[in-house]
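J.: Here's a structure for you.
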Amino acid sequence: MTLTAPTKTSTERLLSLDFLRGFIMVLLALESTGLHEHIAEATKNSSAHFFVQQFFHHPWNGLRVWDLVQPAFMFIAGTSMSYSLHKQAKQGMTWTQSFKKILKRCFWLFFWGVVDYAVRPNGLSFELWDVLTQLAFTTLIAFLIFNWSNTAQIIVCIGILLLTEALYRFTNVPGFNQPFTDQHNFGNYVDLLLMNKINSGGWVAINCIPTAVHTIAGALAGKLLLSNKEKIKPLLAWGVGCLILGYGLDLAGITPIIKRIATSSFTLASLGWCLLMLTLCYWWIDIKRHRRNLEFFTIVGMNSLFIYIFFEIVGSRWFNEYVGQITNGLMGFLNMPRLPMLIITSLCIFVLEWLMCYFLYRKKIFFRL
């Protein structure tokens, strides 16, 4: 991991990409404070509860807004990689040099992903469900085929989705031969082999296989944005096409949309939304030049690795509780009701985390892999 202090922002840098990365990290940071749970409890008997439920993962077959966060995270990582590799090529870096750089990045992503889940109240644990461990795999795959033709990369994506279907449908491992049933599918079996445990929430480590499509597609989108070709229409067409395929597979009863095991229908539907989201932000921010008031998000996006590791490791294990003891204690003197007190505490935690990012931004300190 390195700290850098850039001298000047590249004219090729996409502000929409910085905004999207920051927007995603703000959502994740707010979730890590417990804010979503507190608001859900406060609105459970109101008409707003359906809206609030969109900030929680769907329990199994279906798609909510929150199910798009990880795909967007991995998709944007691919887009960012395109810009990074383009810059490296202009600086004269060879493929081997870029490969070594990517290997180092993937190692640290894997390391921090394992560390995030490693420390449990009952001791150390080895788990591979963190987004960073999966991103390490998808980044490496996207890099290895980055210089292939667009057609070849699309064929690889189709092959990955077909492989996912085959693994779940045709492996027929006793006890794990129900393709789309929680706790009885092939992904659960692989987790037993890798970690000797099954995730109670249904998440599986081999999600890294189908979600490699998100990172590859993000890289392809980045190459398109760097080109002199028409950008908006192709992005829109691919986005709508992926949505039709993904939802079509689900509605036709062929493959259900299940985020927790990243079915092919989920991968396609979520990719469609990612493409449309990038298209909208690129059009609004980089083409129409609506750039005011984006700093709140871009400041977080520029240190996304730092803030993610902070709220996942330090925040969940110490910082949140420590801040909560102070804020809840002070509000307790005012006899504030429990739920408003918890919501304010969550917002206080987030503000402090944002201020950390702002401090690093002002000091031009950026954590890179």
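J.: Mind checking which lysines have their C-alpha under 25 Å from Lys229, skipping anything on the same chain fewer than 8 residues away?
T.: In chain and number order, the partners are Lys87, Lys90, Lys288.
J.: Obtain the nm distance between the two label points defined at Lys101 and Arg64 by a simple spin-label model: each point lies 7 Å from its Cα along the Cα-to-C-beta direction.
T.: Between Lys101 and Arg64, the simple spin-label model gives 3.9 nm.
J.: What is the distance, in nm, between label points placed 7 Å from the Cα along the Cα-to-Cβ direction at Phe333 and at Ser46?
T.: 2.9
J.: Cα atoms only, the stretch 89-132: Rg and Dmax in Å?
T.: 15.3, 50
J.: Gap in Å between the Cα centre of the stretch 297-356 and the Cα centre of the stretch 141-208?
T.: The two parts, judged by their Cα centres, are 36 Å apart.
J.: Taking the Cα-to-Cβ direction at Met195 and at Leu226 and moving 7 Å from each Cα, how far apart do the two end points lie in nm?
T.: Inter-label distance under the simple model: 3.4 nm.
J.: Comparing Phe296, Phe110, Phe19, which has the greatest mean-square fluctuation in the GNM of the chain with Cα pairs linked when under 10 Å apart?
T.: Result for the chain, Cα springs under 10 Å: Phe296 fluctuates most.
J.: Counting each DSSP H run of 4 or more residues in the chain as -39500 (n - 2.57), what helix-only mean residue ellipticity at 222 nm follows after dividing by all residues, to the nearest 500 deg cm²/dmol?
T.: Working: 15 runs with 226 residues, N = 369.
Computed mean residue ellipticity for the chain: -20000 deg cm²/dmol.
J.: Quick one: pull the percent of accessible area on the chain belonging to carbon and sulfur, 1.4 Å probe, ligands and nucleic acids left out. Don't jump to the answer; show the numbers that get you there.
T.: On the way: 12060 of 18240 Å².
Using a 1.4 Å probe with all protein chains present, the chain comes out at 66 percent carbon and sulfur.
J.: Sticking with this structure for a sec: To check my understanding: the extent here is largest minus smallest coordinate of the Cα atoms along each principal axis. What are those three numbers for the chain, in Å, largest first?
T.: That gives 65, 58, 42 Å along the principal axes, largest extent first.
J.: Could you sort 263-276, 171-184, 306-319, 215-228 so that the peptide with the highest average Cβ count within 10 Å comes first and the rest follow in order? Don't skip to the answer; put the middle values down first.
T.: Working: 263-276: 25.2, 171-184: 14.4, 306-319: 18.4, 215-228: 21.3.
Descending packing order for the listed peptides: 263-276, 215-228, 306-319, 171-184.
J.: Moving to a separate point now. Normalise the Debye intensity by I(0) for the stretch 48-95, one equal point scatterer per Cα, no solvent, then take log10 at q = 0.18, 0.26 Å⁻¹ and round to two decimals.
T.: Results for the stretch 48-95 at q = 0.18, 0.26 Å⁻¹ read -0.64, -0.91.
J.: Right, something else. Are there any trypsin sites (Lys or Arg not before Pro) in the stretch 50-126 that are in a DSSP loop and have at most 16 other Cβ atoms within 10 Å? List them by number. Before the final figure, lay out the partial values.
T.: Numbers: sites: Arg64, Lys87, Lys90, Lys100, Lys101, Lys104, Arg105; in loops: Arg64.
In loop regions of the stretch 50-126 (DSSP not H, G, I, E or B), the sparsely surrounded trypsin sites (Lys or Arg not before Pro) are Arg64.
J.: Rounded to the nearest whole Å², what accessible area per residue is found for the stretch 233-283 with the 1.4 Å probe?
T.: Details: 1990 Å² over 51 residues.
Accessible area per residue: 39 Å².
J.: Quantify how much of the Cα-Cα distance distribution of the stretch 225-307 extends past 19 Å, in percent. If you can, show how the numbers build up before the last one.
T.: Working: 1832 of 3403 pairs.
The calculated P(r) of the stretch 225-307 puts 54 percent of pairs beyond 19 Å.
J.: Per Stokes-Einstein, at 10 °C and 1.306 mPa s, what whole-number D in µm² s⁻¹ belongs to the stretch 2-158, with the Kirkwood radius over Cα pairs as the hydrodynamic radius? Mind dumping the intermediate values first?
T.: Values: Rh = 18.5 Å.
Translational diffusion coefficient: 86 µm²/s.
J.: Roughly how many Å is it from the Cα centre of the stretch 47-76 to that of the stretch 229-285, as a whole number?
T.: So the two Cα centres are separated by 14 Å.
The values are calculated or read from the model by the stated rules, or taken from the named source; none is laboratory data. Computed from a predicted model, the values in this text were never measured in an experiment. Cβ atoms come from the backbone with ideal geometry, glycine included; neighbour counts cover every protein chain shown. SASA here: full protein model, heavy atoms, side chains in, ligands and nucleic acids out. Shrake-Rupley method; radii C 1.70, N 1.55, O 1.52, S 1.80 Å.
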